[in-house]
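The structure appears below as structure tokens.
Coordinate-derived values only; no laboratory data. Note that the structure is predicted; figures quoted are calculated from it, not measured. Cβ placement follows ideal geometry from the backbone for every residue including glycine, while neighbour counts extend to all protein chains displayed.
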Amino acid sequence: FIGADIPKMFAFDHHAEEGAIKSYNEAIVLAGSLKDYATREILESILKDEDAHIDGIEEIQDQIGQMGLQIFLTTQVG
């Protein structure tokens with residue numbers, strides 16, 4: 001999903017990150033149960049990145065909510 005406008009785009013991105021985080025958490029549990037600690041460690045590292053991604057998306061969504069879209073967009077133009 002791409003999104004017809006910027007708020008929808010970030011909503012779709014947020015939803016995708018939530019799905020990825022859920023999948024990585026499930027894979028981490030599975031790797032741990034199989035005693036595949038190397039894979040679990042790699043997945044935990046990826047999960048940390050995904051958590052940072054969703055934090056960034058939520059920050060932008062909050063800024064849009066507080067500033068309004070038009071003002072937010074003006075802050076993005078360099």
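Laid out as a table, the results:
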| item | result |
| --- | --- |
| The range 14-53 - convex hull of alpha carbons, volume per residue in Å³ | 40 Å³ |
| Local electrostatic count at Ser45 - Lys and Arg +1, Asp and Glu -1, tallied over other residues with Cβ under 15 Å | -4 |
| 13 Å beta-carbon shell around Ala16, net charge (K/R +1, D/E -1) | -2 |
| Length released on extending from Asp5 to Val29, taking residue separation times 0.36 nm less the Cα-Cα span | 5.0 nm |
| Cα centre as origin, Lys/Arg/Asp/Glu Cβ charges: the range 7-78 dipole, Debye | 120 debye |
| Where Rh is the Kirkwood radius over Cα pairs, Rg/Rh for the range 33-75 | 1.36 |
